[in-house]
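Below: one structure, written as structure tokens.
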Amino acid sequence: MKTTVAIVNEQGQDFTFEEVEIDGPRPDEVLVRVVATGLCHTDITMRTMLPPEMFPNVFGHEGAGVVEEVGADVRGIAVGDHVVMSLRSCRGCANCTAGMIGYCENSLMLNYMGMRMDGSTTLSRSGAPVFGSFFGQSSFAQHAIAYADNLVVVDKSLDLTRVAPYGCGFQTGAGAVLNVLKPRPSDSLAVYGAGAVGLAAIAAAAAEGVGTIVAVDLLQSRLVVAEKYGAIGVNPSALGEISVVDRVKELTGGGSTGAIDTTAVPAVIKQAAQALGVKGELVILGLGAEEFAIDAIDIMQNGKVIRGSVEGDSDPLEMVPRLLVLNAEGKFPVDDLIVSYPFTQINTAIADVTNGDVVKPVLVW
């Protein structure tokens, strides 16, 4: 069948809208009519990070929609179900069976290579393959092929525009707090970069009753939002001669217990590590920094830990429902972070989030 997609035809180009062919679902696949898709920084950066031979390509990995067709081997999902789409995992390798879904041994092929495991693509144009299957969905499209392992069935009363970002951004930030750092009320947390992921982390930390939360960002508008969650805002451009490291240490009584970086800026990552307290832990979530410097003596002498995390170490089949419950209880109030755009305004949404005018754009058909 034909469907409309937001496609990047060549490396570094803007998104344009075209009609392509999408396969019907194979026995293990599900056809979803996309209603809304969150715009994530990863979708933007992939336009330049992937090599030229991986274009044309359709991205989008925070999709939400309605199931239209279900493959014969799929269980637990029915036509008409409302679903949130997230990252794929094989559910059968050693890492998956150990509960480390984000570190699936087949993750690269399932989420990033633009095709099925057998090398075929779900999308084509004039008989030529179009790369897709991004996070097992490529939901910058009116229809997407997804799978039981990355579909979360949600209550039909929920607004799909509001739940789409739970597929990646919200669960990544919250998961870094709830699954990785697991802070206590007596702990402190410093979050570097108060975008959607960082603010989700701050909201989750507030829900856990963390005593001191610090948000570091150059955009004052983001810090205002962070402060609504109870964080103390730090704008590096307004510190004068005081360093970010010294200010964070001052606010956290000698250094933060935990820290999260969403910026992927090497200098910021180094500051985040330096501002940790003894045996503090820094979780790196931002995509884009190939290398960053660390103070090795500081790390060793103070027992600090620097680690990465995929999707906040979340299993979306468990984390998305958990966060939706917290949201319904008023303990994870992230709805106001969302600004919806018609899908045709995708390039405007990219400009707005890049400029800091909005926190979380969601594109709606």
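Filtered by the rule that a residue be in contact with a Gly (Cβ under 9 Å, 6 or more places away or on another chain) and not in a strand (DSSP E or B), the stretch 1-14 gives a lone residue, 1. Here residue 27 fulfils each of the conditions (1) open to solvent by 20 Å² or more (accessible area, probe 1.4 Å); (2) in contact (Cβ under 8 Å) with a residue 24 or more places away in the chain; (3) not in a loop (DSSP other than H, G, I, E, B) apart from (3). Scanning the stretch 133-171 for residues that are open to solvent by 10 Å² or more (accessible area, probe 1.4 Å), in a helix (DSSP H, G or I) and among the β-branched types (Val, Ile, Thr) returns a single hit, 161.
Quick check, is residue 33 closer than 22 Å to residue 153 by Cα, among the basic types (Lys, Arg) and part of a strand (DSSP E or B)? So that I can check it myself, show each step before the final result.
Numbers: closer than 22 Å to residue 153 by Cα: yes; among the basic types (Lys, Arg): yes; part of a strand (DSSP E or B): yes.
Spelling it out, residue 33 is indeed closer than 22 Å to residue 153 by Cα, among the basic types (Lys, Arg) and part of a strand (DSSP E or B).
Residues in the stretch 212-228 that are surrounded by fewer than 19 Cβ atoms within 10 Å (Cβ to Cβ) and of a type in the set (Gly, Ala, Ser): 221 alone. On the stretch given as the stretch 98-115, residues that are touching a Leu at 6+ places or on another chain (Cβ under 9 Å) and either in a helix (DSSP H, G or I) or on the phi < 0 side of the Ramachandran plot (or both) total 7. A search for C-beta distances below 8 Å between a residue of the stretch 49-77 that is within 12 Å of residue 32 (Cβ to Cβ) and open to solvent by less than 10 Å² (accessible area, probe 1.4 Å) and any residue that is part of a helix (DSSP H, G or I) and of a type in the set (Val, Ile, Thr), counting only pairs 6+ apart in sequence or on different chains, returns 64/161; 64/163. Within the stretch 202-211, the residues that satisfy the criterion of being in contact (Cβ under 8 Å) with a residue 60 or more places away in the chain and either surrounded by 24 or more Cβ atoms within 10 Å (Cβ to Cβ) or in contact with a Gly (Cβ under 6 Å, 6 or more places away or on another chain) (or both) are 203, 204. Assess whether residue 17 counts as being part of a loop (DSSP other than H, G, I, E, B), among the aromatic types (Phe, Trp, Tyr) and either farther than 19 Å from residue 163 by Cβ or touching a Lys or Arg at 6+ places or on another chain (Cβ under 6 Å) (or both). In short, no.
Scanning the stretch 90-109 for residues that are open to solvent by less than 30 Å² (accessible area, probe 1.4 Å) and either within 15 Å of residue 30 (Cα to Cα) or among the acidic types (Asp, Glu) (or both) yields no hits at all. Looking at the stretch 11-23, I want the residues that are at positive phi and have a partner that is open to solvent by 50 Å² or more (accessible area, probe 1.4 Å) and of a type in the set (Ser, Thr, Tyr) with Cβ atoms under 7 Å, at least 6 apart or on another chain. Which pairs are those? Close Cβ pairs (under 7 Å, with a partner that is open to solvent by 50 Å² or more (accessible area, probe 1.4 Å) and of a type in the set (Ser, Thr, Tyr)) amount to 12/48. The criterion of being without any contact (Cβ under 8 Å) to a residue 12 or more places away in the chain and either closer than 21 Å to residue 172 by Cα or out of contact with any Ser or Thr (no Cβ under 8 Å at 6 or more places or on another chain) (or both) does not hold for residue 274. If you go through the stretch 109-118 one residue at a time, do you hit one that is in contact (Cβ under 8 Å) with a residue 40 or more places away in the chain and out of contact with any Ser or Thr (no Cβ under 9 Å at 6 or more places or on another chain)? Scanning the stretch 109-118 turns up no residue that is in contact (Cβ under 8 Å) with a residue 40 or more places away in the chain and out of contact with any Ser or Thr (no Cβ under 9 Å at 6 or more places or on another chain). Being surrounded by fewer than 18 Cβ atoms within 10 Å (Cβ to Cβ), of a type outside the set (A, V, I, L, M) and over 30 Å from residue 163 (Cβ atoms) is the filter; apply it to the stretch 293-318 and report the residue that is modelled with the lowest pLDDT. Among them, the one singled out is 295.
Among residues of the stretch 341-365 that are at positive phi, those with a beta-carbon under 9 Å from a residue that is open to solvent by 20 Å² or more (accessible area, probe 1.4 Å) and among the small types (Gly, Ala, Ser) at least six positions away or on a different chain give the pairs 356/221.
The values are calculated or read from the model by the stated rules, or taken from the named source; none is laboratory data. All of these numbers come straight from a predicted model, not from anything done at the bench. Here Cβ is always computed from backbone atoms with ideal geometry, including for glycine, and neighbour counts include all displayed protein chains. All accessible areas refer to the heavy atoms of the entire protein, side chains included, with ligands and DNA or RNA removed. Shrake-Rupley method; radii C 1.70, N 1.55, O 1.52, S 1.80 Å.
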